[in-house]
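Working notes for the structure below.
The values are calculated or read from the model by the stated rules, or taken from the named source; none is laboratory data. Quick caveat: nothing in here was measured; it's all calculated off a predicted structure. FYI the Cβ positions are ideal-geometry reconstructions off the backbone, even for glycines, and counts take in every protein chain you see. In case anyone asks, the SASA skips ligands and DNA or RNA and just uses the protein heavy atoms, side chains included. Shrake-Rupley method; radii C 1.70, N 1.55, O 1.52, S 1.80 Å.
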Amino acid sequence: MRFSTILQRRDPMPRIKQTSPALVVSIIALTAAVVVPAFAKVATSALSKKEKRVVRKIGRAQANRQITRRAPKLSVARANSANSANTANSAETAGNAELLDGMNATAFAPAGEIHTPGRFVVNDPTPGDVSAYSEELLAVPPFSFRGRCYEDYNGGATDMGGLAIEAPSNSSFAGFRSKSFVDFPDSGELGVAEVESTGNEVRASHIIVVAPSGEVISVTASVEVGDPAGDCVFGVTVIGP
């Protein structure tokens, strides 16, 4: 037995399979592809499946190291889902995000103080007489709103509608009232708007009412007669108290 053969059999160091030149070139090219991605496709085209798996594993590790090193300086030039956020360049400058037109939320009426119930349609059940049909439309304590409707007043062709506020005695008001025929100061009932017509007509008004106990309301109202919806149509918006 040859001495060289004995040494070969007793050699404790395992033999390492020779790495193909293509694999070496691909690993080097993939590292460069972190910067220039076009290198990767060309460099790996001649590799076996096993060699490609090795290259991808090494490539991911290299890419992770590159991203970790560069992350603190990376920035997003444009986000497709944030095209409308042109004014949100910096959250640190959004100190006035809680303002509306530069005003704090306390400058606006709370939602609970805005009453917009929609329109009220009232029909006179006994048309042709001189008595009005009366109905409470809205209550905003200590105030309430009552609508009165006349269809074919006194047997004629005239229709009339009136809106009044029932307020505590000695309440005060200011603003515009449209030809109110319903006004009973002694009972605390204040006429707001009235319309009288043989056809279709609408009147509107706006007033501020202050109760002796300090409650304040802003009232915008309209009254219409001759509408296809009914004998009298009322609209009321109240802000406060």
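Answer yes if at least one residue in region 117-138 is under 22 Å from the mean Cα position of the chain (by Cα) and either farther than 18 Å from Glu166 by Cα or not in a strand (DSSP E or B) (or both), and no otherwise. Yes, some residue in region 117-138 is under 22 Å from the mean Cα position of the chain (by Cα) and either farther than 18 Å from Glu166 by Cα or not in a strand (DSSP E or B) (or both).
Looking across region 193-241 at every residue that is at positive phi and assigned to a loop (DSSP other than H, G, I, E, B), the one that is most open to solvent (accessible area, probe 1.4 Å) is identified as Gly214.
With respect to the conditions (1) open to solvent by 70 Å² or more (accessible area, probe 1.4 Å); (2) closer than 16 Å to Val233 by Cα; (3) not small (Gly, Ala, Ser), Leu138 lacks only one, and its number is (1). Among the residues of region 107-152, just one is touching a residue at least 12 places away in the same chain (Cβ under 8 Å), more than 23 Å from Ser222 (Cβ to Cβ) and among the aliphatic types (A, V, I, L, M), namely Val130.
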